[in-house]
Amino acid sequence: MNHEHLGLLRQALPYINRFKNKTFVVKIGGEIADDEKTLHSFCEEVALLSQVGIHVVVVHGGGKQATQLSKQLGIEPKMIEGRRVTDEKTLDVVMMVFAGTINTEILAALREYGAEAVGISGVDGGILNAVKRPPKNVVNEKTGEEEMVDYGHVGDIHSIDPKLLVTLLNADFVPVMASLGGDDDGNILNINADTVAAEIASTLKAEKLFLVTDVDGILRADKTLISRVTPKEIDRLVAEGVIKGGMIPKAASAVEALKDGVGFVHIISGKKPSTLLAEVFTDVGSGTMIYRDPA
């Protein structure tokens, strides 16, 4: 073993000891699952976490792939304020993609690297009990006028029953969970995957939540990485317009998770090799770590 490897191992050991038997929740965005090479490289890192005794739950959506399949089937995707309007046909597509294609691709990639992965959705074991999102007033970007929007089969989480997840984790399985939930009337609802990951992490009192995306983390206006940040600083960055667009809901999910007892939240890129391992096992890290404001 060369000196470089020894140095890496020495650096990693205290972290391995600290995180053994702790729970990590890793949310993979559709842009990671879209490229086979990227997905397999990232899943190798997830499998390694599992092999050093960390309990890992993977949560995923797959919006990009749902949009592609919708178009192939001649269904025009409709997005309002970054949220998918899920009518009957779109729900069929979302179920096929989330609980079908993407879930199985992630399982196969994890299996390649020796992780015992199990594919589920929030409907399994009644994990995600959801309620249909009520119609709400939204300002039409083109006309500037308010209009009532019904998001269709889109759910908000009402409660979580972690029993199945805990059972799987205790048996050293890696649950891979699609962001679908059910309600008491047997309806299936599409739920935002960042929200699912944050709420699952909170319920399991996870040590860490990872939101894995296609950017390095939260970036300053000059595109340099902010490697550590607190919720107070996030509020300021949102107000200043530094955090904008799709990063706003991610940052909000992160802050909520910290409030609800998650130890740390990390926003990292899944597009570059070793980002997950660098974030967990090195002092420098690779993305943005969000930690509680000092009291």
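Which of rounded, prolate or oblate describes the range 1-129 when judged by the alpha-carbon gyration tensor and an a/c cut-off of 1.5? Prolate. Across the chain, Cα-Cα pairs farther apart than 30 Å form 30% of the total.
Over the residues of the chain, the helix contribution to mean residue ellipticity at 222 nm works out to -11500 deg cm²/dmol, using -39500 (n - 2.57) for each DSSP H run of at least 4. Surface composition of the chain: carbon plus sulfur atoms hold 52% of the accessible area, using a 1.4 angstrom probe and ignoring ligands, DNA and RNA.
Ordering of 163-171, 37-45 by packing is 37-45, 163-171, highest average first (other Cβ atoms within 10 Å, averaged per residue).
Projected label points at LYS136 and ASP161, each 7 Å from Cα along the beta carbon direction, are separated by 2.7 nanometres. Between the range 181-255 and the range 262-282, the C-alpha centres lie 14 angstrom from each other. Size check on the range 249-295: the Cα extents along the three principal axes, sorted descending, read 32, 23, 13 Å. A Cβ-based charge dipole, computed about the Cα centre of the chain with Lys and Arg at +1 and Asp and Glu at -1, lands at about 780 debye.
Among the trypsin sites (Lys or Arg not before Pro) in the range 70-160, those located in a DSSP loop and surrounded by at most 13 other Cβ atoms within 10 Å of their own Cβ are LYS142.
For the modelled label position 7 Å from the Cα of GLU36 along Cα-to-Cβ, which residues of the range 82-111 have backbone nitrogen atoms closer than 18 Å? Taking a point 7 Å out along Cα→Cβ of GLU36, the residues of the range 82-111 whose backbone N falls under 18 Å are 101-111.
Per residue, the accessible area of the range 188-295 comes to 43 Å² when a 1.4 Å probe rolls over the protein heavy atoms.
Taking 0.36 nm per residue of sequence separation and removing the Cα-Cα distance, the LYS232/LEU219 pair yields an extension gain of 3.1 nm.
The values are calculated or read from the model by the stated rules, or taken from the named source; none is laboratory data. Just so we're clear, the structure is a prediction, and the values are computed from it rather than from any experiment. So basically every Cβ, Gly included, is an ideal-geometry build from the backbone, and we count neighbours across all protein chains shown. Heads up: the accessible areas ignore ligands, DNA and RNA and are worked out on the full protein's heavy atoms, side chains in. Shrake-Rupley method; radii C 1.70, N 1.55, O 1.52, S 1.80 Å.
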